[in-house]
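A short reminder: the numbers here are calculations on the coordinates, not readings from a lab. Predicted model only: the values in this text are computed from it and were never measured. Cβ: placed from backbone, ideal geometry, glycine included. Neighbour counts: every protein chain shown.
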Amino acid sequence: MEYRDIESKVRELLAGILELELPVEEIDSSQNLFSLGMDSMDCIKVIVAVEESFEIHFPDEDLVENFESIRSLVHYIAERRNETVPG
């Protein structure tokens, strides 16, 4: 799965879970998701969906720093799946 495919899937998951101020496809990939209205319960739902969809596990110590934006989440998933991450 390529990086852009991962981002597309993450956006799809977010759209199905979150009720954000903007449609998920309009969100800049570097924008902070919590500043857009994601709360801690939403974050847990996203974590579960990502773990199931991408067959990865988020160690507790990795959660906060990797859930700030779509870009950071996609980057983390790509690294965990040993995918090529754009420079």
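For segment 3-80, what is the charge dipole size about the Cα centre, in debye to the nearest 20, if Lys and Arg each add +1 at the Cβ and Asp and Glu each add -1 at the Cβ?
In debye, rounded to 20, segment 3-80 gives about 180.
Between the Cα long axis of helix 40-54 and the first principal axis of the chain there is an angle of about 30°, rounded to the nearest 10. Relative to the longest principal axis of the Cα atoms of the chain, the long axis of helix 3-17 makes an angle of roughly 30 degrees.
Angle, helix 70-80 long axis vs. longest principal axis of the chain, Cα atoms, 0 to 90°, nearest 10? With rounding to tens, the tilt is 30 degrees. The spread of Cα positions in segment 3-80, taken along each principal axis and listed from longest to shortest, comes to 29, 26, 19 Å. Using the rule -39500 (n - 2.57) for each DSSP H run of four or more residues, divided by the residues of the chain, the 222 nm mean residue ellipticity is -16000 deg cm²/dmol.
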